[in-house]
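Worksheet for the structure shown next.
The values are calculated or read from the model by the stated rules, or taken from the named source; none is laboratory data. Here the structure is a predicted model, which means the values were calculated and not measured. Backbone-built Cβ (ideal geometry, glycine too); neighbour counts: all protein chains shown.
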């Protein structure tokens, strides 16, 4: 499954866009200025996504990758 397919499936399941997740992560303090905040571990973010949005590990990791700055190949 492509990265974009993960993001599309996440949006269908949660109703939240990639931009929504970026904004929520910033409000929760997981990111600062669009980057993972110092001291924040992947597990903290994936646990939040699993608990609040009922995402599986792979989908939670896709959102983590998004927050880390990984881009869809079409975004180049």
Residues located in the stretch 34-76, provided they are in a loop (DSSP other than H, G, I, E, B), touching a helix residue (DSSP H, G or I) at 6+ places or on another chain (Cβ under 8 Å) and modelled with pLDDT under 95: 34, 70, 72
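If you take the residues of the stretch 22-33 that are part of a helix (DSSP H, G or I) and in contact with a helix residue (DSSP H, G or I) (Cβ under 8 Å, 6 or more places away or on another chain), which of them is nearest to residue 8 (Cα to Cα)? Before you say what the answer is, go through the steps one by one.
Within the stretch 22-33, the first condition is being part of a helix (DSSP H, G or I), and the residues that meet it are 22-28.
Restricting the remaining residues to those that are in contact with a helix residue (DSSP H, G or I) (Cβ under 8 Å, 6 or more places away or on another chain) gives 22, 25, 28.
Details: 22: 15, 25: 18, 28: 23 Å.
Looking at residues that are part of a helix (DSSP H, G or I) and in contact with a helix residue (DSSP H, G or I) (Cβ under 8 Å, 6 or more places away or on another chain), I get 22.
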